[in-house]
Each structure stands twice: as C-alpha cells, then as structure tokens.
Amino acid sequence: MLCPICKTVALNNEELLPNLTAKACGQCGGRWIQSFQYWKWLDTQKNKLAEKPNDTKADLPVEDSAAGKLCPECGHFLSHKKVGHGVDFHLDRCGNCGGIWFDKNEWEILQGKNLHDDIHFVFSSAWQKQIEQDEIEQTQEHRFEKILGAADYQKTKEIAGWIKSHPNKSTILGYITDK
C-alpha cells in the first residue's frame with residue numbers, strides 16, 4: 001500500500017491507540033486508517049470516550065494537502081471534507097472502501113479536540129451543513145461588527161441577549177419595531 005501523497009513510499013503499520021492500527025508514511029507523516037479498523041476501535045470504546053477539554057495538541061502545524069488523492073487501498077478518488085468545529089483542515093475519505101487519510105498531525109489535533117471518535121460524522125451531509133451554517137453566521141457577525149463598530153456591536157449583542165431571555169420579549173420587540 002503506497003502513500004497517496006508521496007506516491008512511492010510504502011505505508012507501515014502503526015498502533016495509534018490500543019485496538020486502533022493505522023498505516024503511516026515515514027516521509028510525509030500522513031496516516032491511513034482502514035474503515036474496518038476505525039469501526040472496530042470505535043466499537044471497543046462504547047462509553048469510554050468521555051468528553052474532555054481541548055488539549056494543547058490542537059496547536060500542531062498541519063499541511064492540509066488539497067490536491068486530489070487516490071485511495072491507497074482500492075484506487076478510487078478520496079472525497080475532501082471540511083472538519084469544522086474549531087478545526088481548520090479537511091479530511092479525505094474513500095467513498096468505496098471507507099478508509100480515511102489524515103495528513104501529518106491531523107489525528108493528534110482531532111484527538112486533542114476530542115473529535116477523533118466523531119470522524120465518521122464529518123462526511124455526513126448534516127455535519128457539512130452545520131459547518132456551512134456556522135460559517136454564514138460568522139460572516140454575518142463580522143459584517144455587523146464592521147458596520148456598527150466593535151463597541152456598538154457588543155452593546156447590540158448584550159441587548160439582543162437580554163431581549164431573547166426576557167419573558168415579555170414579543171412585547172419588547174413589538175414596542176421597538178413600532179417606534
């Protein structure tokens with residue numbers, strides 16, 4: 001099995017975690033996790049993977065390879081999907097065999113952010129739609145802040161929060177829009 005980035009370097013077995021074996025590239029540092037390996041590991045975890053705070057590994061450098069890649073297992077093209085949820089890179093997955101490619105440090109960052117047990121969701125339309133929605137909201141917030149200025153934008157957010165939580169919010173909104 002050859003590295004989808006380096007093309008000529010053979011991938012070697014590496015134990016990422018107990019019961020989770022990956023195939024690693026000694027040249028670029030990328031890793032391939034076969035679908036059955038990931039699901040077998042996830043199945044052994046059951047409720048052992050409690051939520052935890054973010055870890056410092058989240059600051060590791062990543063060289064997110066955007067170039068198209070072929071699956072090292074079956075030769076199909078890998079789909080390239082954004083991870084989101086505070087992570088700035090993409091993951092690559094084979095739609096045929098289900099294996100996943102991690103560029104150097106991506107696994108460690110996902111583990112540090114406690115997303116390593118949610119990788120199977122990253123490729124779902126619901127996950128990708130949420131990322132898109134989050135980006136739209138962030139763009140709108142930046143736009144409002146640019147128009148209003150930082151201080152007025154902050155005050156507007158405070159007022160909006162107060163209105164949202166007020167038991168008579170519809171009366172308040174009616175009063176404001178009527179004036």
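The values are calculated or read from the model by the stated rules, or taken from the named source; none is laboratory data. Remember, predicted model here, so these are calculated numbers, not experimental data. Here the Cβ is made from the backbone with ideal geometry for all residues, glycine too, and neighbour counts use every protein chain on show. These accessible areas exclude ligands, DNA and RNA; they are computed on the full protein's heavy atoms, side chains included. Shrake-Rupley method; radii C 1.70, N 1.55, O 1.52, S 1.80 Å.
Stretching the chain fully between D178 and Q133 yields a gain of 13.1 nm (0.36 nm per residue, less the alpha carbon separation). Protein heavy-atom surface of the chain, 1.4 angstrom probe: 52% of the accessible area is carbon and sulfur, with nucleic acids and ligands not counted. The solvent-accessible area of T171, taken with every protein chain present and a 1.4 Å probe, is close to 90 Å². Identify, among A126, Y175, G75, the residue whose Cα sits farthest towards the positive end of the charge dipole of the chain, taking +1 on the Cβ of Lys and Arg and -1 on the Cβ of Asp and Glu, with the dipole about the Cα centre. Final value for the positive-end residue is Y175.
Kindly express, to the nearest 10 degrees and within the range 0 to 90, the angle between helix 35-45's C-alpha long axis and the longest C-alpha principal axis of the chain. Long axis of 35-45 versus the principal axis of the chain: about 60 degrees. For the chain, the longest principal axis of the alpha carbon atoms and the long axis of helix 150-165 meet at an angle near 80°. The order of K46, K7 by accessible area, most exposed first and with a 1.4 Å probe, is K46, K7.
Each helix, a run of at least 4 DSSP H residues, gives -39500 (n - 2.57); summed and divided by the residues of the chain, these come to -12500 deg cm²/dmol at 222 nm.
The label point for D88 and the one for H142, both projected 7 Å from the Cα toward the Cβ, are 1.2 nm apart. Solvent-accessible area of E135, probe 1.4 Å, all protein chains present, reported in Å² to the nearest ten, please. Accessible area of E135: about 80 Å².
Please state, as a whole number in µm²/s, the translational diffusion coefficient that the Stokes-Einstein equation yields for the range 1-154 at 4 °C and 1.567 mPa s, with Rh defined as the Kirkwood radius across alpha carbon pairs.
77 µm²/s
Computed with a 1.4 Å probe over protein heavy atoms only, the accessible surface of the chain comes to 63 Å² per residue.
So which residue, out of D43, D152, D64, gets the largest mean-square fluctuation from a GNM of the chain using Cα contacts under 10 Å as springs? Answer for the Gaussian network model of the chain: D152. Taking a sphere under 11 Å around the Cβ of Q27 and counting the other residues whose Cβ falls inside, with K and R at +1 and D and E at -1, yields a net charge of +2. Ordering G161, H85, W32 by Cα displacement along the dipole of the chain toward the positive end leaves G161 in first place; charges were set at the Cβ atoms of Lys, Arg (+1) and Asp, Glu (-1).
Helix 169-178 and the long axis of the chain differ in direction by around 60°, with both axes built from C-alpha atoms. Residue order by solvent-accessible surface for F89, F77 is F77, F89, largest first, with ligands and nucleic acids left out and a 1.4 Å probe.
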